[in-house]
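Below is one structure, written out as structure tokens; the observations come after it.
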Amino acid sequence: LLQHFKNYLETEGKDSSPNESLTDHKILEKDENYKLTDRKVIDIVYVKKWVRTKHAVMFRLSNKIVQVNFQDHTEIILSSETRMVTYVNKKGERKSYHLSQAVDCGNMEMSKRLKYTKDILTHMLSNNGGELKDDNN
């Protein structure tokens, strides 16, 4: 299997021009009307960095969204561009808030998770992206 994969990679690499970059490649995908459309690789959202802590896994995505998946199946999704916070509770119910209103909305579970998320982000930034140790129990 590994030999097959190696051969595949070697033959695929010969088909592309040496001056062609990854973003020059196009991907065919279906739009909402099920028509095939071209998309450049650069348009695809991907995980830039992730960190696992004792209570959660945090993903920083290429579109500047931060998603935190907690052990109890709740989620926090932060969008810096729209300044929105989306919280998914244990029942899977999703609710979005403007960042300025999220902390004071009265949802204590979400507020607790937002504080934890802030602590993780602050720690990541102060360590310049170094390995994160979970100081919270």
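The values are calculated or read from the model by the stated rules, or taken from the named source; none is laboratory data. Just so you know, these numbers come straight off a predicted model, no measurement behind them. Glycine also receives a Cβ, built like all others from the backbone with ideal geometry; neighbour counts cover every protein chain displayed. Areas reflect the complete protein model, heavy atoms only, side chains present, ligands, DNA and RNA absent. Shrake-Rupley method; radii C 1.70, N 1.55, O 1.52, S 1.80 Å.
Miscellaneous remarks
- Residues satisfying the stated conditions in the stretch 42-84, i.e. among the acidic types (Asp, Glu) and open to solvent by less than 80 Å² (accessible area, probe 1.4 Å): Asp72, Glu75
- Criterion: under 16 Å from the mean Cα position of the chain (by Cα), of a type in the set (Phe, Trp, Tyr) and either open to solvent by less than 50 Å² (accessible area, probe 1.4 Å) or modelled with pLDDT under 90 (or both) - qualifying residue of Tyr34, Tyr8, Tyr97, Tyr87: Tyr87
- Cβ-Cβ distances below 9 Å connect the following pairs, each with a first residue in the stretch 96-116 that is in contact (Cβ under 8 Å) with a residue 60 or more places away in the chain, a second residue that is small (Gly, Ala, Ser) and open to solvent by less than 40 Å² (accessible area, probe 1.4 Å), and a separation of six or more residues or different chains: Tyr116/Ala56.
- Among residues of the stretch 100-113 being of a type in the set (S, T, N, Q) and outside any loop (DSSP other than H, G, I, E, B), the one that is surrounded by the most Cβ atoms within 10 Å (Cβ to Cβ) is Ser111.
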